[in-house]
1. Go through chain A and flag any cysteine with no other cysteine's C-beta closer than 4.7 Å, please.
2. Once you place label points 7 Å from the Cα toward the Cβ at A:ASN241 and A:GLN27, how far apart are they in nm?
3. Of all beta bridges DSSP finds with both residues in the stretch A:47-187, what is the antiparallel percent, to the nearest 5?
4. For the stretch A:107-263, what is the convex hull (Cα atoms) projected area averaged across all directions, in square nanometres?
5. Write down the percent of antiparallel bridges among all DSSP beta bridges whose residues are both part of the stretch A:3-262, to the nearest 5.
6. Percent relative contact order of chain A, based on C-alpha pairs within less than 8 angstrom and at least six residues apart?
7. So how much slack lies between A:SER13 and A:TYR207, counting 0.36 nm per residue of separation and subtracting their Cα-Cα distance, in nm?
8. About its Cα centre, what dipole magnitude does chain A give when the only charges are +1 on Lys and Arg Cβ and -1 on Asp and Glu Cβ, stated in debye to the nearest 20?
Amino acid sequence: MTRLRLATWNVNSLRARLERVGEWMRQVEPDILCLQETKLADAAFPVEWFSARGYESAHHGAGQWNGVAVVSRVGLGDVERTMGPGTETLSESRFVAATCGPLRVASVYVPNGRSLDSEHYLTKLAWLRQLAGLAAFERERGMSLALCGDFNVAPDDRDVWDPRAFEGATHVSEPEREAIRALEAEGLVDAFRVLYDQSGLFSWWDYRGGAFHQHRGMRIDLVLVSASLRDRVRWAVVDRNARKGGKENQPSDHAPVVVDLEV
DNA sequence: ATGGTCGTTGCACGA
């Protein structure tokens, strides 16, 4: 039995955050790290910076927007950059998957729905349906799966600072939450919720209005693992320290989520 | 109180 430390972090520009990511990795020593919003083209992704620290990497990005990566020190192979045949356009540069040791790992950056009456909201729901198809595919071929990333959905009211503030907004609407439950119906469990049932444990805080200091956040960064791993979740945390900092050490607006699995 | 801040690109826009 070995302990596998899995983490996911929307870094809001890897170029702007690289030094901070390096310091965090040195302290936390994740075995597998999923990144979102690298905002890099594949050619600009710092493959050698990661390999110098003992990590292989797979990146999918077009630059400027989106961009996701899987970084691993327990092996990395069979890289896929779409959720399946015919989904290249939908997948955008928001999906990359790789096999890392015993796990199939996907780093996902679910589209922001913007508003309930936006076409982007429909794209978001379609994207999540496609992701459920991928979960079914991995289950059918017997792979243990970890879907890690920024889902832009708060699964239930415990995951928002004030449900009343979100009436009629995205991230909390019933169709979005149903899409997360559909992933669970495909055999995935929210690893963080295996250990914690409290409200107010957030992973994202708006940069504006001092939201972080006033505890106005949401839990939208998730690690969804195969149900067969439920009893192997040993430890989990949202590392709020990584959300701290000011002018000289700017944080992302997301904190990393860390999950330790006994595999 | 319809504001606020950050990262990117280029003199707004997405989140």
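1. Cysteines lacking a close Cβ partner in chain A: A:CYS100.
2. Taking the two extended label points, one gets 0.4 nm.
3. Numbers: 13 of 19 bridges.
So the antiparallel bridges in the stretch A:47-187 amount to around 70 percent.
4. Values: hull surface 38.4 nm².
Average projection, Cα convex hull of the stretch A:107-263: 9.6 nm².
5. Values: 42 of 53 bridges.
That works out to approximately 80 percent antiparallel.
6. Details: 603 pairs, mean separation 51.9, N = 263.
Computed over chain A, the figure is 20 percent.
7. Working: separation 194, 0.36 × 194 = 69.84 nm, distance 1.45 nm.
Stretched fully, the A:SER13-A:TYR207 segment lengthens by 68.4 nm.
8. Details: 32 positive and 37 negative charges, 119 e Å.
Using Cβ point charges on Lys, Arg, Asp and Glu, chain A gives about 580 debye.
Where a number appears in this text, it was derived from the coordinates with a stated rule and is not lab data. Quantities reported herein were computed from a predicted structural model and do not represent experimental measurements. Virtual Cβ from ideal backbone geometry, glycine too; neighbours counted across all protein chains shown.
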